[in-house]
1. On a C-alpha basis, how far is the centre of the stretch 106-123 from the centre of the stretch 54-85 in Å? Whole number, if you could?
2. Which ³J(HN,Hα) values in Hz, rounded to whole numbers, follow from the phi angles of the stretch 35-47 under the Karplus curve 6.51 cos²θ - 1.76 cosθ + 1.60, where θ = phi - 60° and Gly and Pro get x?
3. Considering amide H positions built from the backbone, and no H for Pro or chain starts, which residues 5 or more places from G187, or on another chain, come under 5 Å of its amide H?
4. Be a star and scan the stretch 4-42 for residues whose amide nitrogen sits under 20 Å from the point 7 Å along the Cα-to-Cβ vector of D100.
5. Using the Karplus equation 6.51 cos²θ - 1.76 cosθ + 1.60 (θ = phi - 60°), what ³J(HN,Hα) coupling, rounded to whole Hz, does each residue of the stretch 97-109 give in order, writing x for Gly and Pro?
6. Largest first, please: the extent of the C-alpha atoms of the stretch 136-178 along each principal axis, to the nearest Å.
7. Give or take rounding to whole Å, what are the principal axis extents of the alpha carbon atoms in the chain, in descending order?
8. Could you compute Rg(Cα) / (2.2 N^0.38 Å) for the stretch 106-193, with N its residue count?
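Bear in mind that the values in this text are calculations on the coordinates, not laboratory data. Because the structure is predicted, anything quoted here is derived from the model rather than measured. Neighbour counts run over all protein chains shown; Cβ positions are idealised from the backbone, glycine included.
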Amino acid sequence: MRAARELFAQQGFDTTSVRQITAQAGANLGAITYHFQSKENLYLHVLESMAEPLYARVAAAVEVSGSPLDKIESFVRAYFEHLLANRELPSLILHEVSLDHPIPLPIRSMIERISRLLAGVIINGQKDGTLAAGDVGLMSMSVVALPVHAVVVRQVAHQIFGRNLNEPAARAEMIAHITAFLRRGLGNPGRNT
């Protein structure tokens with residue numbers, strides 16, 4: 001699974017061969033067929049094994065007490081840290097959502113569940129007046145996009161902007177920026193949020 005995750009993230013599903021996976025894993029060529037029946041099933045297991053822990057982490061994060069903006073900040077912090085700790089996940093997600101084919105079920109399910117989770121927080125904030133009015137789906141996409149983008153372009157952040165996200169201070173600075181940006185963008189300017 002670890003070898004498959006690394007290779008799928010680096011090369012994508014189509015260009016990763018069973019031979020490459022088993023060679024990197026130090027396994028018999030028939031191991032994938034024996035354990036997963038096919039490369040496709042292995043891929044789905046890899047995606048699911050990465051999607052479920054992410055969802056569990058962000059779902060727990062929005063259970064914090066506080067305002068809807070506090071919950072969104074907690075979500076973003078958990079999401080960002082999870083993506084940094086699981087560096088293959090953003091590449092796999094972006095690869096799948098950028099192709100012109102149906103999104104694999106584990107990724108689609110994760111995105112839908114996270115979207116519903118965020119939509120609930122946003123709707124509550126719009127109802128209580130702490131969050132600006134707007135399209136809940138687009139607002140949810142924006143909340144998710146910023147941490148993903150920051151992790152995906154971490155080499156740009158490091159090489160161009162001098163922020164190495166492997167360093168705790170740079171990570172803290174990035175997450176503070178993202179959460180402040182989202183608070184300003186999502187907050188209701190007519191209310192003290």
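1. About 12 Å separates the Cα centre of the stretch 106-123 from the one of the stretch 54-85.
2. 8, 10, 6, 6, 4, 4, 5, 4, 4, 4, 5, 4, 4
3. Long-range HN contacts for G187: A132.
4. Within reach of a label on D100, which here means backbone N under 20 Å from a point 7 Å along Cα→Cβ, the stretch 4-42 contributes 12-15.
5. Whole-Hz 3J(HN,Hα) from phi for the stretch 97-109: 7, 8, 7, 8, 8, x, 5, x, 3, x, 6, 4, 4.
6. 34, 17, 13
7. 63, 35, 30
8. 1.24
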